[in-house]
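Data first, discussion second: the structure below is written as structure tokens.
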Amino acid sequence: MKQTIIIISSLLFSTLFYGQSIGLNLSLFSLLALVILIIGNPNTFKNKTILMYAGLYIITAVLVFFQNSIVAIITNCIAFFTLVGSISQSKSSVFVNWLNGIYTTTAGFFHRNFDYDEKKEQPKLKQDIDILQWVKLIGIPLIFSIVFILLYKNGNTVFNDLISKINFKFINLQWVLFSVLGYYLFNNIINPVQVESATTSDLETGNTLIQTENFSEENLKKEKQLGTTLMLLLNVLIVFYLVTDIIALNSGTTSNAVVLSSQVHSGINALIASIIIAIVIILYFFRGNLNFYKDTQALKNLSFAWIILNAALVILIALKNNHYVTAYGFTYKRVGVYIYLLLTFIGLITTFLKVLQTKNLLFLFRMNTQVAFVLLIGLSTVNWDSFITKYNINNAVSLDVNYLIRLSNNNAFLLNNLRKKGTLGPVNNQAIFVKHKAYLKELNTRNWQEYTFANFQENDNSETPYN
């Protein structure tokens, strides 16, 4: 029964994706993949964690249809790997789910159908699957049939005429190969597997540091002295940097675009170096038994202070980027700055918690990958080309129309409405007109598999000549 369902699904896979661009087909595939997973693993879908991941997967599929963005497509793929990986082991960390999901998708069939002989240290096929017999059963009769057809053609003109009338042009070999790919994919995921070493290690390792037996108070005292001196010096330096940065921010020299750009990017570079060094230093000193040494409160306080000061640096860079956006509008780089700052701020919070609650490095990795996954889903809810275009048209003091034209066709209707207001020059008007016309042609020539929400939107499709 399962094999029949997989075969039907593989044919649907080719129907959805062969020769088609991404659109409605990815959303339908997500539903199909979820059905396959439920059929193959009905009991596991009683687990609340798996139900949550299944819900997130369907949400990302809907977002692909509505937003039609690269971010939404990437998020949908990651949600797919997360769901597949969680079915093999629902209690593992998110990053282990990704590993298990990718492993299942690419090699699940071979993992399930090969045993490992520890004595001979070589894989061997399970007894119930005789691939050689299947090759013989299909291949040998097919070869001899072709040979005898060729012989009979030369010996009988009537038989030759009948064979000559058979036309196999209707068979699309590429479509067949695509169906085979679909069969392989669904056969892999119907019973998800796991990378056992990584999954077991993840399940057996907690988030809390444990004191080891090798506890030398003399060595820990020296480490504490070094750490305290170093953190004190670094706190002084970052305070000096922040004071001078605040003075520069309030000096009124940030009105020029070049100055703003330089300050934001140089600030980001300083922030990257500072945060990386900060986290590495803190993780080094609080990697083990120093967490349990009796006289480390001063070092902990200095570490907390440095984390807070780095958070202040994040806020300052955000303010600079905000000035930049207010004056010149959004670009993907400026959006990226905000995203990086948010991730950095969260990283500082988790580092703070690691020191405060005596957590290990795996705690940081688990927390930050979970946050990154949730943030990615949040980012996929926004059509960024449309958002950037709408914001810049309504708010930017200096509008860079050329940049907006270079974005994807997701903003074509917004730009066309701007063109009709008659406030742009002839060059921009022509470029927008051509872009809008090409987008209308693309929408009208899409197959149903490629449909997105834009195909159902009511827009003014009149092609007013440019001025």
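The values are calculated or read from the model by the stated rules, or taken from the named source; none is laboratory data. Small disclaimer: the values here were computed from a predicted structure and weren't measured. Quick reminder, even Gly has a Cβ in these numbers, built from the backbone with ideal geometry, and neighbours come from all protein chains shown.
A few points about this structure:
- One residue alone among LEU404, LEU414, LEU399 is modelled with pLDDT under 90 and not assigned by TED's automatic domain parsing to the domain that holds LYS333, and that residue is LEU399.
- Test for LEU230: is it modelled with pLDDT under 85, assigned to a helix (DSSP H, G or I) and aliphatic (A, V, I, L, M): no
- In segment 421-439, the residues that are part of a helix (DSSP H, G or I) and surrounded by fewer than 17 Cβ atoms within 10 Å (Cβ to Cβ): PRO426, VAL427, GLN430, VAL434, LYS437, ALA438
- Criterion: of a type in the set (Ser, Thr, Tyr) and within 19 Å of the chain's Cα centre (by Cα) - qualifying residue of SER27, SER9: SER27
- Selected residue (criterion: nearest to THR423 (Cα to Cα)) from residues of segment 366-400 that are aliphatic (A, V, I, L, M) and surrounded by fewer than 14 Cβ atoms within 10 Å (Cβ to Cβ): VAL397
- Residue check, VAL84 in contact with a Gly (Cβ under 6 Å, 6 or more places away or on another chain) and either basic (Lys, Arg) or buried (at least 22 other Cβ atoms within 10 Å of the Cβ) (or both): yes
- Residue selected from segment 163-178 under the condition surrounded by 10 or more Cβ atoms within 10 Å (Cβ to Cβ) and in a helix (DSSP H, G or I), by the criterion modelled with the lowest pLDDT: ILE163
- Within segment 401-413, being within 14 Å of PHE433 (Cα to Cα) and surrounded by fewer than 16 Cβ atoms within 10 Å (Cβ to Cβ) holds for ASN402, ARG406.
- Looking across segment 330-378, the residues that are in a loop (DSSP other than H, G, I, E, B) and within 28 Å of LEU302 (Cβ to Cβ) come down to GLN357, THR358, ASN360.
- LYS333 vs. criteria in contact (Cβ under 8 Å) with a residue 60 or more places away in the chain, among the basic types (Lys, Arg) and over 21 Å from ILE282 (Cα atoms): no
Condition check ((1) closer than 30 Å to ASN455 by Cβ; (2) among the aromatic types (Phe, Trp, Tyr)) across all residues:
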residue: LEU12; (1), (2): yes, no
residue: PHE17; (1), (2): yes, yes
residue: LEU28; (1), (2): yes, no
residue: ILE39; (1), (2): no, no
residue: ASN43; (1), (2): no, no
residue: LYS48; (1), (2): no, no
residue: ALA54; (1), (2): yes, no
residue: ILE58; (1), (2): yes, no
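- Residue match in segment 148-162 (condition: at pLDDT 70 or above, assigned to a loop (DSSP other than H, G, I, E, B), of a type outside the set (A, V, I, L, M) and surrounded by 10 or more Cβ atoms within 10 Å (Cβ to Cβ)): yes
- Considering residues of segment 231-253 that are out of contact with any helix residue (DSSP H, G or I) (no Cβ under 6 Å at 6 or more places or on another chain), among the β-branched types (Val, Ile, Thr) and in contact (Cβ under 8 Å) with a residue 12 or more places away in the chain only, the residue farthest from GLN297 (Cα to Cα): ILE246
- For THR15, the requirement of being modelled with pLDDT of 95 or more and hydroxyl-bearing (Ser, Thr, Tyr) is not met.
The rows are residues; the columns are (1) at pLDDT below 90; (2) polar (S, T, N, Q); (3) surrounded by fewer than 16 Cβ atoms within 10 Å (Cβ to Cβ); (4) within 30 Å of VAL401 (Cα to Cα).
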| residue | (1), (2), (3), (4) |
| --- | --- |
| LYS294 | yes, no, yes, no |
| ALA305 | no, no, no, no |
| LEU313 | yes, no, no, no |
| LYS320 | yes, no, no, yes |
| THR331 | no, yes, no, yes |
